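Laboratory data are not the source of any read-out in this text; all were calculated from the coordinates shown. This structure is a prediction, so every number in the text was calculated from the model and none was measured. Methodologically, a virtual Cβ is constructed for each residue, glycine included, from the backbone with ideal geometry; neighbour enumeration extends over all protein chains shown.
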Amino acid sequence: MRQGFRVIDTDTHVNPSMDVLLRYADHDLRTHLEELQPYMRTVKPRSGHGDAEDQDTVSMLTIRPLRYQCGHGWLPHWLLRLTRQIDYVRGSVSPNLKHTPLEYTQMGRVFCGIDFSEGVEMTKAVVDILGDHVLMYQSDYPHPETVFPDHTDTVIAWQQTLGAPTMHKLMWENAARFFRFTSTPWDQLA
């Protein structure tokens with residue numbers, strides 16, 4: 001909890017391990033774990049520690065797509081352009097395409113981590129075009145561009161512009177949905 005907000009940092013350096021996903025993820029993910037083995041990888045939680053046989057390694061699920069470490073201001077332009085291009089290249093687009101890229105995004109199938117440097121104005125513009133269910137907080141820790149340890153508080157201050165419901169989604173609800181969490185450690189505190 002940070003200033004009353006639940007926070008899930010979706011930065012690549014702090015993605016949850018399979019142990020965390022299995023503990024808090026939905027039932028379907030747990031029951032299909034064997035099928036997910038081709039999409040799993042073993043990683044070291046700390047740089048320079050352990051190898052694949054060490055107890056310090058963790059398994060990570062790699063099947064869910066996410067755009068991160070690349071900003072978020074480009075996303076509306078790209079999706080609008082892809083949507084317009086469907087008519088331009090109509091003959092080479094699969095007839096099975098049921099929705100435009102923009103519609104798929106507005107349906108909640110696209111996730112993107114925010115880049116703090118793009119600021120609250122760009123974040124609000126992305127939310128206005130794509131909806132408040134796309135963006136996820138990421139701190140960019142430990143890179144020097146982060147304003148650690150004040151990064152989270154600085155983004156939470158954007159609530160004045162974004163509003164409380166959008167801020168809750170940005171800080172944890174969207175990431176919880178992306179990682180398919182059905183409960184969180186905070187639920188145990190309630």
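Side notes on the structure shown:
- Sequence-distant contacts, meaning Cα pairs under 8 Å at least 6 residues apart, place the relative contact order of region 114-178 at 41 percent.
- By the count of neighbouring beta-carbon atoms within 10 Å, fewest first, 114, 129 end up ordered 129, 114.
- Distance between the 7 Å Cα→Cβ label points at residue 99 and residue 121: 3.1 nm.
- Sum of side-chain charges, residue 86 neighbourhood, beta-carbon under 13 Å (Lys, Arg +1; Asp, Glu -1): +2
- Sequence ranges 142-155, 70-83, 170-183, ranked by mean other-Cβ count within 10 angstrom, highest first: 170-183, 70-83, 142-155
- Going from the fewest other Cβ atoms within 10 Å to the most, the residues 139, 94 appear in the order 94, 139.
- If the segment from residue 129 to residue 157 were pulled out straight at 0.36 nm per residue, it would be longer than the present Cα-Cα gap by 7.9 nm.
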